[in-house]
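Structure record follows, encoded as structure tokens.
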Amino acid sequence: MKGTVSIELVHEAIHAAALRNMDISSVLESAKIDRELLNAPRARISAAAYSHMWVALADLMDDEFFGLDSHGLRRGSYALMTRAAVNADNLAHALRRILRFLHATLDDFRGELVCSGDEARVVLHDGGVLRRLFGYGTWFILVHGLACWLVHRRIPLREMQFRCPPPGDDSHYRTRFCENVKFNGETTHISFASDLLDLKIAESPATVDNFLREAPANLLVKYRNDASTSAQVRNRLRSQMPEAWPELEKLAQELCVSGTTLQRRLQQEGVSYQRVKDDLRRDIAIDLLSSASLTVAEVAARTGFQETSAFHRAFKKWTGVSPGAYRSSAPAPQ
């Protein structure tokens, strides 16, 4: 699985377990996350490692919701919810089943499906008590991820809004959900075109087991990347070796736009072409260090660096730690 997540999300995930004085050593070991990374604010881990950590934490706490609710989501709850939702008639029916299930199992969060004209919203009520951003975000990952799988397509979001203030880095929310993420709002919700509620359920009870075997890894990344400019650029670059990545003007020609237009569209999404290249190079490096039996020098070469020393400097600039921190925490090949 491609992509990385911020180490900040790891801290958020283990927060409740740490407050309860639980020994998270086995969790970090299971996910092959080196403790050195926890002290590096810019560090990132592979989405696969985060998924392993989620499962290990759920086993440790008997809670698939990281202890974010005063009741909790007991182990196996998500599987039961999935089996209930897959027998629904359409997306609207499935979402209502999902929201009822979560309302029955959680005490502090309650979701509501609201339709008005051409817009549908899933509003997340918190009883008037401002919750942690991570709690809201994780709840939506569980709901939106399952909904996308049920209809076998990505449900594009028009907006995502949180009642709480913005984090230091909101890139995870923009990457996973949509570019239009707002904070300090009156409600916490996601919105999308209401006609999508009529989509028929494309999955069946026979396909549930395969979905659950891949969970939560398949929930962490955006289901079927959208058509945003940065996603198009990233996908185009990922299909080539880094040393073959074109200059901006050349890439613009390949995408049938002018260089100025491409640059402007990327800027509107809050990134530059250089930023996209650096982030992708970083994610490829983390993925290779974490999952492949390659030396640091080989990873450097595969990410387009002619000198290993230059790769070391760049990697430390990206993440705040040396490549060795990832090599020492790399999971055994599957």
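The values are calculated or read from the model by the stated rules, or taken from the named source; none is laboratory data. It should be emphasised that the depicted structure is a prediction, and the values quoted were computed from it without experimental measurement. Here Cβ is always computed from backbone atoms with ideal geometry, including for glycine, and neighbour counts include all displayed protein chains. Only protein heavy atoms, including side chains, enter the accessible area calculation; ligands, DNA and RNA are left aside. Shrake-Rupley method; radii C 1.70, N 1.55, O 1.52, S 1.80 Å.
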Check your understanding: Thr207 passes all but one of (1) under 25 Å from Thr4 (Cα atoms); (2) assigned to a helix (DSSP H, G or I); (3) open to solvent by less than 60 Å² (accessible area, probe 1.4 Å); which number fails?
Key -> (1)
Practice item. From the list Val122, Val114, pick out the single residue that is assigned to a strand (DSSP E or B) and crowded, with 20+ Cβ neighbours inside 10 Å. Key: Val122
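Taking the conditions exactly as written (touching a strand residue (DSSP E or B) at 6+ places or on another chain (Cβ under 6 Å), of a type in the set (A, V, I, L, M) and over 27 Å from Val55 (Cβ atoms)), does Leu197 satisfy them or not?
On the way: touching a strand residue (DSSP E or B) at 6+ places or on another chain (Cβ under 6 Å): yes; of a type in the set (A, V, I, L, M): yes; over 27 Å from Val55 (Cβ atoms): yes.
Criteria met by Leu197.
Each row is one residue, and each column tells you yes or no for (1) within 22 Å of the chain's Cα centre (by Cα); (2) small (Gly, Ala, Ser); (3) at pLDDT 90 or above; (4) surrounded by fewer than 20 Cβ atoms within 10 Å (Cβ to Cβ).
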| position | (1), (2), (3), (4) |
| --- | --- |
| Leu248 | no, no, yes, yes |
| Leu262 | no, no, yes, no |
| Lys277 | yes, no, yes, yes |
| Asp287 | yes, no, no, no |
| Thr295 | no, no, no, yes |
| Ala310 | no, yes, yes, yes |
Exercise for review: Please work out which one of (1) out of contact with any Asp or Glu (no Cβ under 7 Å at 6 or more places or on another chain); (2) crowded, with 18+ Cβ neighbours inside 10 Å; (3) not hydroxyl-bearing (Ser, Thr, Tyr) is the condition Arg20 fails and give its number.
Suggested key: (2)
Study note, to complete from the structure: Picking from Ala79, Ala94, the residue that is among the small types (Gly, Ala, Ser), under 17 Å from Ser194 (Cβ atoms) and either open to solvent by less than 10 Å² (accessible area, probe 1.4 Å) or at pLDDT 95 or above (or both) would be Ala94
Point to revise | Pairs where the first residue, in region 146-157, is at negative phi and the second is part of a loop (DSSP other than H, G, I, E, B) and among the basic types (Lys, Arg), C-beta under 8 Å, 6+ apart | key: Cys148/Arg154; Cys148/Arg224; Arg153/Arg224; Arg154/Lys222; Arg154/Arg224
Practice item. Residue by residue through region 95-113, note down the ones that are touching a strand residue (DSSP E or B) at 6+ places or on another chain (Cβ under 9 Å) and β-branched (Val, Ile, Thr). Key: Ile98
Point to revise | Hits in region 165-182 - residues which are open to solvent by less than 40 Å² (accessible area, probe 1.4 Å), more than 18 Å from Val143 (Cβ to Cβ) and touching a helix residue (DSSP H, G or I) at 6+ places or on another chain (Cβ under 8 Å) | key: Pro167
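Pick out the one residue from Leu150, Leu199, Leu146 that is modelled with pLDDT of 95 or more, buried (at least 21 other Cβ atoms within 10 Å of the Cβ) and farther than 26 Å from Glu8 by Cα. It would help to see each step written out before you state the result.
Details: Leu199 fails: buried (at least 21 other Cβ atoms within 10 Å of the Cβ); Leu146 fails: farther than 26 Å from Glu8 by Cα.
Testing whether each residue is modelled with pLDDT of 95 or more, buried (at least 21 other Cβ atoms within 10 Å of the Cβ) and farther than 26 Å from Glu8 by Cα leaves just Leu150.
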Revision key, fill the gap. Of (1) open to solvent by less than 40 Å² (accessible area, probe 1.4 Å); (2) touching an Asp or Glu at 6+ places or on another chain (Cβ under 8 Å); (3) part of a loop (DSSP other than H, G, I, E, B), Val257 fails just (2)
